[in-house]
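These notes are about the structure you will find just below.
The values are calculated or read from the model by the stated rules, or taken from the named source; none is laboratory data. Values in this document were obtained by computation on a predicted structure and should not be read as measured data. Cβ atoms come from the backbone with ideal geometry, glycine included; neighbour counts cover every protein chain shown.
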Amino acid sequence: MRFFTVLMLALALATTGRAQDAAATLTVTGEAEVAAAPDMAVITVGVTSLARSAADAMDDTSVKTAEILAALAAAGIAERDLQTRALRLNPNWANRSSTPGAGPKIDGFVASNTVMVRVRDLDRLGGVLDTVLGLGANEFGGLSFGLQNPGPAQDEARRAAVAEAMRKARLYAEAAGLTLGPVLSLSEAGGARPAPMMMEAARMADAVPVAAGEVSVSAAVTMVFDIGG
């Protein structure tokens, strides 16, 4: 009986020791953000046509889209930087009749073709926008800026995030009267995001004015440290 009592006491002490060891850690997060000048823009434009027949609507949209793609290619936009994002054909419904029992009627068809364009030379961005608008693009889905090679900026943000986490860990350990030990684990989460940009109204006579601003690249890390009293 005494043997079992001693054994149970030893197991209890071992369990308590493991719990204390598991609790002797400090977890901190570090975040950082760096700004960089963009060197690439992505625009989404489209052509929408309304006609009495589905074939006429699609033909009109296809002709205008083909002209836009040809003009972009002539302006130096590579084929890999042009991508069709959506091709749609829908009936255009007439107003519902006030006659009881009368259903809606189709009075035409709407065809649309949406294209994404990647512009790698920002000096030509205004001219590209002016070209597509002048050739019949009547839908503008947005403009965003980015980096062709975000790696260096991302690495700079990562280093800054780790430095911030280390700074916080040293601060907390000092404030709590603890000894900061080695790093037990490090995990990352983060990504790039475009900064706000401005775009003025399109002008058909001149190139559309745009302001690229900056894009910010962020990184976040979580670090776990061993600590001692």
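The strands (runs of 3 or more DSSP E) located wholly in the stretch 75-171 that include 2 or more residues which are at pLDDT 90 or above, under 12 Å from Ile43 (Cα atoms) and of a type in the set (Gly, Ala, Ser) occupy 139-146. Which pairs have Cβ atoms under 8 Å, sit 6 or more apart or on different chains, and link a residue in the stretch 150-166 that is under 14 Å from Ala189 (Cβ atoms) and of a type in the set (Val, Ile, Thr) to one that is crowded, with 19+ Cβ neighbours inside 10 Å and modelled with pLDDT of 95 or more? That search, which allows pairs on different chains as well, returns Val162/Gly30; Val162/Val221; Val162/Met223.
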